[in-house]
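Below is one structure; the comments refer to it alone.
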Amino acid sequence: MAASTLAAGALAGALPRAAHAATPAVGPGGAAGSTKPMDAAAFHAARRFADTRFGKIAYMDRGTGDAALFLHGFPLNSFQWRGAIDRLSSLRRCIAPDFMGLGYTEVAKGQSVAPAAQVAMLVALLDKLSIRTVDLIANDSGGAVAQLFATRHRDRVRTMLLTTCDVENDSPPAAVVPVIAAAHAGKFADETFLPQLADKTFSRSAKGIGGQCFTYPTNPTDEAIEVYFSPLVSSPARKALTNAYAIGLDPNPLKGIESALQRCTVPTRIVWGTGDTIFSPVSADYLSCTLPNSRGVRRIEGAKLFFPEEFPDIIAEEARGLWRVG
């Protein structure tokens, strides 16, 4: 997402409570014999919209029973979770919304798309769907929203699975600062996504989202690039919302949350990619030490920021363990 990368630093007092050895990456799509992920045509056909005061919220809804809420990263959308949902929809009603300003959600005029507003939108969406409690699964900036949701609405969260994401003392990460500056200048959407849509090989290069945020050089696929980036530049209004999402990441949306996290008793598992250069590698241990009901950290060797899309079997395995089912 940005030309710069985050320099790793030490976070005072961040010692792991429990950690597994790094798990080697198993390849695009997960382990051999795993279920083929949903393709773009099926994703578009399955999309639903919920009318709320925040706008028409686009979301995926598959499965039955207790609900799991999947929160995607920036600048992706709910398509990120297709593989995990394929594997978990037999165990949970899987709800994967598109955040306001990203994906296919139609945002109400004048509506903020900052993280606090996203939390309020999620509450409205769950109420609209008559869902009281959820298991949270989140990645990247979606992880920041998950932390805000869990601390503000503790009674609505059964468990939380956090993958490489913001923490209070690394939000926004240094690598995203140029993105925010470009968004303030009104240039981020045009300069970032139009070139990558026009040249998908470039998008997978070291200078595109692929080289920076995906583990394997074949990702994101041409199909995924279209699904993720096309709506972000589909009109001047959408470009403005894309820029607004980036702007909303600063000032730090997690400022002051540590004490609330220390009181948050939600059972939480943390899964972190060791190949990510956006967030500090010690942030995983910070979360595990801060959350009193942490179930420890699992590190995925070589995995970059958006690894939940590439390794859905790992996400499903960790979710089942946290839920103690399957």
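Please work out which residue is surrounded by the fewest Cβ atoms within 10 Å (Cβ to Cβ), limiting yourself to the range 198-216 and to residues that are among the aromatic types (Phe, Trp, Tyr) and outside any helix (DSSP H, G or I).
Of the residues in the range 198-216, the ones among the aromatic types (Phe, Trp, Tyr) are 202, 214, 216.
Then drop every residue that is not outside any helix (DSSP H, G or I), which leaves 214, 216.
Numbers: Phe214: 25, Tyr216: 17.
Looking at the filtered set, the residue picked out is Tyr216.
Every test in (1) among the charged types (D, E, K, R); (2) within 22 Å of Val134 (Cα to Cα); (3) modelled with pLDDT of 95 or more; (4) out of contact with any strand residue (DSSP E or B) (no Cβ under 8 Å at 6 or more places or on another chain) is passed by Glu310 save one, and that test is (2).
Remark: Ser283 matches the filter, which requires a residue to be among the small types (Gly, Ala, Ser), touching a Cys at 6+ places or on another chain (Cβ under 9 Å) and within 25 Å of Ala174 (Cα to Cα). Scanning the range 258-274 for residues that are part of a loop (DSSP other than H, G, I, E, B) and either of a type in the set (D, E, K, R) or at pLDDT below 95 (or both) returns a single hit, Arg263.
Residues in the range 127-150 that are out of contact with any strand residue (DSSP E or B) (no Cβ under 8 Å at 6 or more places or on another chain), part of a helix (DSSP H, G or I) and either charged (D, E, K, R) or farther than 18 Å from Ser283 by Cα (or both): Asp127 alone.
Would you be able to tell me the number of residues in the range 217-257 that are farther than 20 Å from Gly83 by Cβ and either part of a loop (DSSP other than H, G, I, E, B) or under 16 Å from the mean Cα position of the chain (by Cα) (or both)? Don't jump to the end; show me each part of the working.
From the range 217-257, those farther than 20 Å from Gly83 by Cβ are 230-257; that's our starting set.
Right, trim to either part of a loop (DSSP other than H, G, I, E, B) or under 16 Å from the mean Cα position of the chain (by Cα) (or both) and you get 234-235, 242, 245-246, 248-257.
Here the count works out to 15.
Taking into account only those residues within the range 275-297 that are of a type in the set (A, V, I, L, M) and assigned to a loop (DSSP other than H, G, I, E, B), which is nearest to Thr151 (Cα to Cα)?
My answer is Leu291.
Counting only residues that are closer than 17 Å to Val134 by Cα and crowded, with 24+ Cβ neighbours inside 10 Å, the range 73-91 holds 5 of them.
Taken as a whole, the range 164-175 holds at least one residue that is assigned to a helix (DSSP H, G or I) and either more than 19 Å from the chain's Cα centre (by Cα) or farther than 25 Å from Ser259 by Cβ (or both). For the range 45-61, a tally of residues being surrounded by fewer than 18 Cβ atoms within 10 Å (Cβ to Cβ) and free of Cβ contacts under 8 Å to residues at least 40 places away in the same chain returns 3. Selection over the range 106-141 of residues that are closer than 24 Å to Phe307 by Cβ and of a type in the set (Val, Ile, Thr) gives a count of 2.
The set of residues in the range 68-94 being more than 24 Å from Val113 (Cα to Cα) and of a type in the set (Gly, Ala, Ser) consists of Gly83, Ala84, Ser89, Ser90.
The values are calculated or read from the model by the stated rules, or taken from the named source; none is laboratory data. Quick caveat: nothing in here was measured; it's all calculated off a predicted structure. Note: ideal-geometry Cβ built from the backbone for every residue, glycine included; neighbour counts use all protein chains shown.
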